[in-house]
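Engineer: Once you've had a glance at the structure underneath, I'll fire off some questions.
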Amino acid sequence: KKSKKKDDDKDSQLKSPIVVVMGHVDTGKTKILDRIRHTSVQAREAGGITQQIGATYLTKEYIAKATARMKEQTSKPFETKLPGLLFIDTPGHESFANLRARGSSMCDIAVLVVDLMHGLEKQTLESLKMLTDRSTPFIVALNKVILIDRCLDWVADEGAPFQLTFQRQKQHTKQDFENRLSGIRTEFAEKGWNTELYFRNKNVKTDISMVPTSAITGEGIPDLLDLLIQLNEKYMRRQLRFKEKFVCTVLEVKNTIGHGTTLDVILSNGTLRKDDTIIVCGMPPQGTIITNIRALLLPSEASEMRERAEYKLVEEVHASAGVRISANGLEHAVPGAHMQIVPRNLKNSKDHAKRREEIEKLSDEVQQDYTNVCLFILLL
Ligand code: GDP
């Protein structure tokens, strides 16, 4: 009994998995997230192309609602110890390899979006390489499969789980889908990957699970969310245990009305507090920036952080989270590298030498990390 209690305590410390959405331009990455959030970010993007990394947080209550129709399939109640999911959207356009590398470096799991009609494209292969190099687990969303213009005579059922809608299709529609699926599995096999539809996958650890989706009809979207929860819960608990060790990456440096220059960051582990002293990589010749957090702005649930989202002022935030930081002196901050905080026990320490030494060490780490990010991109 005692050990069960202990396990429960540990579980209550799980952080939300960070899920990065990758894939070739135009495969529907933003549209899938729009569908999940009930937003229309895709329509507002210049030329429909994502040019920044975005972040969206979904609580488990939100996911429970979004996957409610899965119960018709499984009759299992939705249950998870994970607090939620933090999604990161990356641009697919070829000139944004740096942003994709950054996105893939901080995620726990990835969704690789593939357009069934186009198969594996240039940035799909590049994404596959990034995921392999970092041994990141991933699933595949086979997007744009389900529209009537895609699979022969498909009868759409808005927002339905895939299996439910699939079993109701006519025989020749099913066959058409199977043929296309088989084609894409062959393409993956040629690149050395075993793949399988997620509900037929008996070897989850070796074969990549695929979820057919339509960002337009919402079919398969509940499956995608449900699968992400299941896989993280089952195979990644250890990795997702909340730790105080601080890990945080700067995504963007931008102006926010009323706050001046701000940083959008992804907190992957640890806690960030208002009044923390942060150490951020700065453009030469200025070098490292050391400044105090003036305000922490948390975007509201299921909103896209890079949009003009509504923000709530908070005193502290725990990983995983996307959060905006307001502070003095951020004008020359560079995005892409890790950010550090001065240990709180040293913040007001009289031992100036020790404090200086620690800050120097952390500054070196921040600069080194930036060099590593640049090198990684060069080597791609
Ligand atoms: P991204 O570049 O990967 O973020 O792709 P977008 O989300 O910008 O989508 C590219 C285009 O594909 C847009 O015109 C979308 O409306 C369209 N699209 C996205 N998902 C689907 C889908 O499931 N079915 C169909 N038919 N079109 C889609």
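Engineer: Do we have THR217 as in contact (Cβ under 8 Å) with a residue 12 or more places away in the chain, part of a loop (DSSP other than H, G, I, E, B) and out of contact with any Ser or Thr (no Cβ under 6 Å at 6 or more places or on another chain) here?
Structural biologist: Numbers: in contact (Cβ under 8 Å) with a residue 12 or more places away in the chain: yes; part of a loop (DSSP other than H, G, I, E, B): yes; out of contact with any Ser or Thr (no Cβ under 6 Å at 6 or more places or on another chain): yes.
Answer is yes for this residue.
Engineer: Then there's this: Could you tell me which numbered condition LYS15 fails, if it satisfies all but one of (1) within 21 Å of ASP223 (Cα to Cα); (2) modelled with pLDDT of 90 or more?
Structural biologist: Condition (1) is where LYS15 drops out.
Engineer: List, please: which pairs have Cβ atoms under 8 Å, are six or more places apart or on different chains, and start with a residue in segment 18-41 that is over 19 Å from ALA160 (Cβ atoms) and end with one that is hydroxyl-bearing (Ser, Thr, Tyr) and within 10 Å of the ligand (Cβ to nearest atom)?
Structural biologist: VAL20/THR90; VAL21/THR90; MET22/THR90; LYS29/THR50; LYS29/THR90; THR30/THR50; VAL41/THR30
For (1) at pLDDT 90 or above; (2) open to solvent by 10 Å² or more (accessible area, probe 1.4 Å); (3) more than 12 Å from the ligand (Cβ to nearest atom); (4) of a type outside the set (S, T, N, Q), each residue gets a yes or a no:
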residue	(1), (2), (3), (4)
VAL21	yes, no, no, yes
ARG35	yes, yes, no, yes
ILE49	no, yes, no, yes
GLU61	yes, yes, yes, yes
ALA64	yes, yes, yes, yes
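Engineer: For segment 151-184, enumerate the residues that are assigned to a helix (DSSP H, G or I) and in contact with a Leu (Cβ under 9 Å, 6 or more places away or on another chain). Steps first, answer last, please.
Structural biologist: Start the filter on segment 151-184 by keeping residues that are assigned to a helix (DSSP H, G or I), which leaves 162-167, 171-184.
Once the filter is applied, which keeps residues that are assigned to a helix (DSSP H, G or I) and in contact with a Leu (Cβ under 9 Å, 6 or more places away or on another chain), segment 151-184 yields PHE162, HIS172, THR173, GLN175, ASP176, PHE177, ARG180, LEU181, GLY183, ILE184.
Engineer: Now for a different question. Specify the residue that is farthest from ARG180 (Cα to Cα); the eligible residues are those in segment 100-150 that are within 13 Å of the ligand (Cβ to nearest atom) and part of a strand (DSSP E or B).
Structural biologist: This residue is VAL111.
Engineer: What tally of residues in segment 223-238 results from selecting those that are basic (Lys, Arg) and assigned to a helix (DSSP H, G or I)? Walk me through it before giving the result.
Structural biologist: Pass one, segment 223-238, residues basic (Lys, Arg): 234, 237-238.
Filter again for assigned to a helix (DSSP H, G or I), leaving 234.
Qualifying residue count, segment 223-238: 1.
Engineer: Criterion first (open to solvent by 10 Å² or more (accessible area, probe 1.4 Å) and free of Cβ contacts under 8 Å to residues at least 40 places away in the same chain) does LEU313 satisfy it?
Structural biologist: Details: open to solvent by 10 Å² or more (accessible area, probe 1.4 Å): yes; free of Cβ contacts under 8 Å to residues at least 40 places away in the same chain: yes.
It is true that LEU313 is open to solvent by 10 Å² or more (accessible area, probe 1.4 Å) and free of Cβ contacts under 8 Å to residues at least 40 places away in the same chain.
Engineer: If you don't mind, another one. Given the conditions (1) within 15 Å of the ligand (Cβ to nearest atom); (2) within 17 Å of the chain's Cα centre (by Cα); (3) open to solvent by 70 Å² or more (accessible area, probe 1.4 Å), which single one is not true for ILE221?
Structural biologist: Looking at each condition in turn, ILE221 falls short on (3).
Engineer: Let me ask something else. Whether any residue in segment 289-306 is acidic (Asp, Glu), surrounded by fewer than 17 Cβ atoms within 10 Å (Cβ to Cβ) and more than 21 Å from the chain's Cα centre (by Cα) is what I want to check. Quick ask: steps written out before the conclusion?
Structural biologist: From segment 289-306, those acidic (Asp, Glu) are 301, 304; that's our starting set.
Going one step further and asking which of them are surrounded by fewer than 17 Cβ atoms within 10 Å (Cβ to Cβ), we end up with 301.
So of that shortlist, the ones also more than 21 Å from the chain's Cα centre (by Cα) come out as none.
No; the residues of segment 289-306 include none that is acidic (Asp, Glu), surrounded by fewer than 17 Cβ atoms within 10 Å (Cβ to Cβ) and more than 21 Å from the chain's Cα centre (by Cα).
Engineer: Within segment 157-166, is even one residue open to solvent by less than 80 Å² (accessible area, probe 1.4 Å) and free of Cβ contacts under 8 Å to residues at least 60 places away in the same chain? Write out each step before concluding.
Structural biologist: Quick first cut of segment 157-166, residues open to solvent by less than 80 Å² (accessible area, probe 1.4 Å) only: 157, 159-166.
Narrowing further to those that are free of Cβ contacts under 8 Å to residues at least 60 places away in the same chain: 165-166.
Yes, because at least one residue in segment 157-166 is open to solvent by less than 80 Å² (accessible area, probe 1.4 Å) and free of Cβ contacts under 8 Å to residues at least 60 places away in the same chain.
Engineer: Between a residue in segment 97-122 that is modelled with pLDDT of 85 or more and open to solvent by 20 Å² or more (accessible area, probe 1.4 Å) and any residue that is in a helix (DSSP H, G or I) and within 12 Å of the ligand (Cβ to nearest atom), which pairs come within a Cβ distance under 8 Å, given they are 6 or more apart or on different chains?
Structural biologist: LYS122/GLU94
The values are calculated or read from the model by the stated rules, or taken from the named source; none is laboratory data. Just so it is clear, the model here is predicted, and its values are computed rather than measured. All Cβ positions, even for glycine, are placed from backbone atoms using ideal geometry, and neighbour counts span all protein chains on display. What goes into the accessible areas is simple: the full protein's heavy atoms, side chains included, and nothing from ligands, DNA or RNA. Shrake-Rupley method; radii C 1.70, N 1.55, O 1.52, S 1.80 Å.
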